[in-house]
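The structure appears right after this line, and notes come after that.
The values are calculated or read from the model by the stated rules, or taken from the named source; none is laboratory data. Just so it is clear, the model here is predicted, and its values are computed rather than measured. Positions of Cβ are backbone-derived with ideal geometry, glycine not excepted, and every protein chain shown enters the neighbour counts. Note: accessible area is taken over every heavy atom of the protein model, side chains too, but ligands, DNA and RNA are not part of it. Shrake-Rupley method; radii C 1.70, N 1.55, O 1.52, S 1.80 Å.
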Amino acid sequence: MTTTIRPFRSGGSASEHVTERRLPRYAAGQVSLPMQILGSAETMEHETYWTEHSHPTHELLWRDAGVGTVTIGARTWTITPPLGMWIPAGVPHSGWTPAGVVVKAAQFDVDDPPMGDAPTSVRIHPLLRLLLSRLQTLDPRTDSYALTEAMILDVLSPAEHEVLVHRPSAELLTPIVETVLGDPGDPTTLQGWATRLGTSPRTITRAFTAETGLGFNRWVTTARIHSAITLIGLGCEIPDAAAEVGYASASAFTTACRRITGTTPANLRAEIPPTHLSV
């Protein structure tokens, strides 16, 4: 069972206006497509959470504005306009998106998948975005549709950076994980946690690395940037988002953001036109 990492309002309370959607679980290939790629788009009137489900086809999710998340097992990816998400057919996943976002998706036939069999972030560059949008205006029976499909398959590629939070399950780490995900601005250091839990910093670091591939500091930084990107996507100003997730200076926040995303908070703000949670 997955545990979706969803954003919280200041003060730790989740939005009270959340629509829950339940979709069926399909095995890979259980339903076939009459074409290679089938696109769709839906404007979300309310903050929406999708419970765990799976598709018979491969799925590409992306946004033109705003943010969202996809959770697969213990891992949660952040979706932004330049970062889409590839979900292989049959893989159980859940998701979240705020109100006002246009959720765009493309289902890919299971034969000859262009992205392999592992979930991954996808670079949504301008050409790919244009081709995906064009596909939805064409008649699937035309040569133009087939040509556009072929071009999409040709330019689809994994992203160089992804915002991925892996939630470890080790009992030792549970207090740390719950605290940081509930309040990314929590200032407790590695040594502070070691003292509180009656263990050593080295033991905590080893436990994080064993499950997530990241040490304590890198994991906390990733969780903070995940939350900050969501806040920025919801319209929060950069200095406010930085302070909310525990950064006292703009330079420290910029350094952390560049380390995780490969870009600066200012560039992220320019790439993520904000949306707002329903109230």
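Scanning segment 119-134 for residues that are among the aliphatic types (A, V, I, L, M) and in a strand (DSSP E or B) yields a single hit, VAL122.
Out of curiosity, is VAL165 touching a residue at least 24 places away in the same chain (Cβ under 8 Å), open to solvent by less than 30 Å² (accessible area, probe 1.4 Å), β-branched (Val, Ile, Thr) and out of contact with any Asp or Glu (no Cβ under 7 Å at 6 or more places or on another chain)? Taking the combined requirement at face value, the residue satisfies it. Per the listing ILE176, ILE152, the residue uniquely in contact (Cβ under 8 Å) with a residue 24 or more places away in the chain and more than 30 Å from ALA74 (Cβ to Cβ) is ILE152.
The single residue among THR174, THR148, THR188, THR137 that is within 18 Å of GLY246 (Cβ to Cβ) and polar (S, T, N, Q) turns out to be THR188. All of (1) open to solvent by 20 Å² or more (accessible area, probe 1.4 Å); (2) at pLDDT 95 or above hold for ARG141 with one exception: (2). For segment 160-176, state whether one or more residues are part of a loop (DSSP other than H, G, I, E, B) and over 24 Å from ILE229 (Cα atoms). Among the residues of segment 160-176, at least one is part of a loop (DSSP other than H, G, I, E, B) and over 24 Å from ILE229 (Cα atoms), which makes the answer yes. Filtered by the rule that a residue be open to solvent by less than 10 Å² (accessible area, probe 1.4 Å) and not in a strand (DSSP E or B), segment 35-53 gives a lone residue, MET44. One residue stands out in segment 168-199 among those that are over 24 Å from the mean Cα position of the chain (by Cα) and hydroxyl-bearing (Ser, Thr, Tyr): the one that is most open to solvent (accessible area, probe 1.4 Å), namely THR195. The condition (being of a type outside the set (Lys, Arg) and assigned to a loop (DSSP other than H, G, I, E, B)) is satisfied by just one residue among GLY84, GLY116, GLY95: GLY116.
Per this entry, THR188 is counted among residues that are at pLDDT 95 or above, polar (S, T, N, Q) and part of a loop (DSSP other than H, G, I, E, B).
Candidates PRO56, PRO24: the one that is open to solvent by 10 Å² or more (accessible area, probe 1.4 Å) and either over 26 Å from TYR145 (Cβ atoms) or modelled with pLDDT under 95 (or both) is PRO24. Being modelled with pLDDT of 90 or more, among the small types (Gly, Ala, Ser) and open to solvent by less than 60 Å² (accessible area, probe 1.4 Å) is the requirement here; does SER15 meet it? Considered against the rule, which asks whether it is modelled with pLDDT of 90 or more, among the small types (Gly, Ala, Ser) and open to solvent by less than 60 Å² (accessible area, probe 1.4 Å), SER15 comes out as no. Got at least one residue in segment 103-111 being among the aromatic types (Phe, Trp, Tyr) and either out of contact with any strand residue (DSSP E or B) (no Cβ under 9 Å at 6 or more places or on another chain) or crowded, with 24+ Cβ neighbours inside 10 Å (or both)? Yes, segment 103-111 contains at least one residue that is among the aromatic types (Phe, Trp, Tyr) and either out of contact with any strand residue (DSSP E or B) (no Cβ under 9 Å at 6 or more places or on another chain) or crowded, with 24+ Cβ neighbours inside 10 Å (or both). Entry remark, segment 238-273: residues being within 26 Å of THR188 (Cβ to Cβ) and not hydrophobic (A, V, I, L, M, F, W, C) number 13 in total.
Residues considered: LEU214, LEU156, LEU197, LEU172. Of these, the only one that is under 30 Å from ILE37 (Cα atoms) and modelled with pLDDT of 95 or more is LEU156.
Scanning segment 236-269 for residues that are surrounded by fewer than 17 Cβ atoms within 10 Å (Cβ to Cβ) and of a type outside the set (A, V, I, L, M) yields GLU237, PRO239, ASP240, SER249, SER251, THR255, ARG258, ARG259, GLY262, THR263, THR264, ASN267. Considering segment 205-225, the residues that are open to solvent by less than 30 Å² (accessible area, probe 1.4 Å) and of a type outside the set (S, T, N, Q) include one that is farthest from GLU171 (Cα to Cα), namely ILE225.
Checking the stated criteria, ALA89 turns out to be in contact with an Asp or Glu (Cβ under 9 Å, 6 or more places away or on another chain), in a loop (DSSP other than H, G, I, E, B) and under 23 Å from GLU162 (Cβ atoms).
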